[in-house]
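K.L.:
Below you will find the structure I want to go over with you.
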Amino acid sequence: MRVTQLFTKTTKDAPADEVAKNAQLLIRAGYIYKEMAGVYAYLPLGKRVLDKIIQIIREEMDSIGGNEISLTALQNSDVWKTSGRWDDEVIDVWFKTKLANGTELGLAPTHEEPLTKLMKNYIHSYKDLPVYPYQFQIKFRNEVRSKSGLMRGREFWMKDLYSFSRSQAEHDAFYDGAVSDAYARVFDRLGLGAITYRTFASGGSFAKFSHEYQTLSPVGEDTIYVHKEKGIAINEEVYTDEVLADLGIAKDELTQEKAVEVGNIFTLGTRFSDPLELNFTDENGDSKPVVMGSYGIGPSRLMGLIAEHFADDKGLVWPDNVAPFTVYLVSIGDVATQADALYDELTSKGIEVLYDDRDERAGAKFADAELLGIPYRVTISERLIADQKFEFTPRKSGQSEVLTGDELLAKLS
């Protein structure tokens, strides 16, 4: 893509009421647009980052047998009344509206109920299990406060996978094995693996524990206690002597940290299959309720966290795996022909390039390159091109080196 093809522009200023660093930088760099508190539109560069995060998650969910679907955001109240979760006192973040005929609808904050109802059409026998449908969808939650940019929204992207199993043992093997391993791979690929911990949290009425995935961050809203050697953590809500004893951990082995919840996994048991009558016939001809689990990751929250965590005083610093482009190509002076040729060569080799072909001074181009946070800047100038050389500058280190064309391709391959 050429910068002259982008309708977005960088700016020195973010909205005066935007206090979150991630949103300030993403707005200034033209990745997102703020519609209102907790509600953001994704502009061309931001959509590319979000899509890359989603694709990493998709690949890992597919690797464990996930079936991708897309459920409706609009919800009929009946199925939620059956489960007991339509009441605002049970789920206090509902957005609700009415049709012209007075029928009340809701915008789904999660999807256990409608998916359980849907699966009644497809699960009848033990031969139909286990199954693992998942989706990427915008969720709606009427948060009281939304001051953390993409890390806490009223409208946000969520990956939610649901497991349907024949027994608790089958569920546990998926929960503690396949899903946990897949989540670890997701966070590793996003560059967050070293600071993201599988965290013991309340299991509610379903199990002794659920598990959150918490990424250490000074702007985190959660307090966790981290055991760095074991690579696990305990949420403050269940930080008791009894839990410590269960896990075989002493208090002096833990460090208190602030963290952002980026994912969670829950054992649901038969909490939804019982009231919604999702049953299957086992090998002996007996009818049994399906055992369920729920597994979430927030792609938009991850985008905000990555933006904030890796940023420096000059702007964004995207990890290679999620950057909108790999190379920011800058032309300085009368080198359009050479710059066009390099752009064509790099893109022909599958390298994603954002080509700053504007008639703009070098300082402005360099400042935009730093703000946008694309991993590598390649500069073509009249001085360098005379020797068939290019300047190569990693965004993370800022240390430039002069390379030949072959050396440049070797760096980027």
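The values are calculated or read from the model by the stated rules, or taken from the named source; none is laboratory data. Remember, it's a predicted structure, so these values are computed and weren't measured experimentally. All Cβ positions, even for glycine, are placed from backbone atoms using ideal geometry, and neighbour counts span all protein chains on display.
K.L.:
Scanning for something out of contact with any strand residue (DSSP E or B) (no Cβ under 7 Å at 6 or more places or on another chain) and either under 24 Å from Asn279 (Cα atoms) or β-branched (Val, Ile, Thr) (or both), does segment 152-164 turn up at least one residue?
P.N.:
no
K.L.:
I'm trying to understand the selection: among the residues of segment 241-274, which are surrounded by 17 or more Cβ atoms within 10 Å (Cβ to Cβ) and in a strand (DSSP E or B)?
P.N.:
Glu257, Ala259, Val260, Glu261, Val262, Gly263, Asn264, Ile265, Phe266, Thr267, Leu268, Gly269
K.L.:
Right, another one. Which of the residues that make up segment 89-131 are assigned to a loop (DSSP other than H, G, I, E, B), surrounded by 13 or more Cβ atoms within 10 Å (Cβ to Cβ) and touching a Leu at 6+ places or on another chain (Cβ under 7 Å)?
P.N.:
Within segment 89-131, His111, Lys120, Ile123 qualify.
K.L.:
Whether any residue in segment 203-217 is among the β-branched types (Val, Ile, Thr), crowded, with 22+ Cβ neighbours inside 10 Å and part of a helix (DSSP H, G or I) is what I want to check.
P.N.:
So far as segment 203-217 goes, no, none of its residues is among the β-branched types (Val, Ile, Thr), crowded, with 22+ Cβ neighbours inside 10 Å and part of a helix (DSSP H, G or I).
K.L.:
Take Ile374 and tell me if it is crowded, with 19+ Cβ neighbours inside 10 Å, more than 30 Å from Phe187 (Cβ to Cβ) and outside the structural domain of Leu25 (by TED's automatic domain parsing).
P.N.:
It is false that Ile374 is crowded, with 19+ Cβ neighbours inside 10 Å, more than 30 Å from Phe187 (Cβ to Cβ) and outside the structural domain of Leu25 (by TED's automatic domain parsing).
K.L.:
While we're looking at this one, here's another question. Residues being within 19 Å of Lys288 (Cα to Cα) and part of a loop (DSSP other than H, G, I, E, B): count how many of those fall in segment 160-193.
P.N.:
2
K.L.:
Name the single residue, out of those in segment 132-150 being surrounded by fewer than 14 Cβ atoms within 10 Å (Cβ to Cβ) and farther than 17 Å from Leu161 by Cα, that is farthest from the chain's Cα centre (by Cα). Let's see the steps before the verdict.
P.N.:
Filtering segment 132-150 for residues surrounded by fewer than 14 Cβ atoms within 10 Å (Cβ to Cβ) gives 138, 144-145.
Imposing the further condition that a residue be farther than 17 Å from Leu161 by Cα reduces the set to 144-145.
Working: Val144: 22, Arg145: 20 Å.
Filtering segment 132-150 for residues that are surrounded by fewer than 14 Cβ atoms within 10 Å (Cβ to Cβ) and farther than 17 Å from Leu161 by Cα, the one farthest from the chain's Cα centre (by Cα) comes out as Val144.
K.L.:
If you don't mind, another one. Of the residues Gly405, Gly333, Gly373, only one is modelled with pLDDT under 95, on the phi > 0 side of the Ramachandran plot and in contact with a strand residue (DSSP E or B) (Cβ under 8 Å, 6 or more places away or on another chain); which?
P.N.:
After applying the criteria, what remains is Gly333.
K.L.:
Looking only at helices (runs of 4 or more DSSP H) that fall completely inside segment 1-88, which ones have 2 or more residues that are within 30 Å of Asp344 (Cα to Cα) and touching a residue at least 24 places away in the same chain (Cβ under 8 Å)?
P.N.:
Once the helices (runs of 4 or more DSSP H) in segment 1-88 are filtered for at least 2 residues that are within 30 Å of Asp344 (Cα to Cα) and touching a residue at least 24 places away in the same chain (Cβ under 8 Å), what remains is 21-28, 44-63.
K.L.:
Quick check on this structure: which one of Gly204, Gly177 is more than 28 Å from Val39 (Cα to Cα) and in contact with a strand residue (DSSP E or B) (Cβ under 9 Å, 6 or more places away or on another chain)?
P.N.:
Gly204
K.L.:
If you don't mind, there's one more thing I want to ask. Which residue is surrounded by the fewest Cβ atoms within 10 Å (Cβ to Cβ), if the candidates are limited to segment 151-191 and must be among the acidic types (Asp, Glu) and under 16 Å from the mean Cα position of the chain (by Cα)?
P.N.:
Asp188
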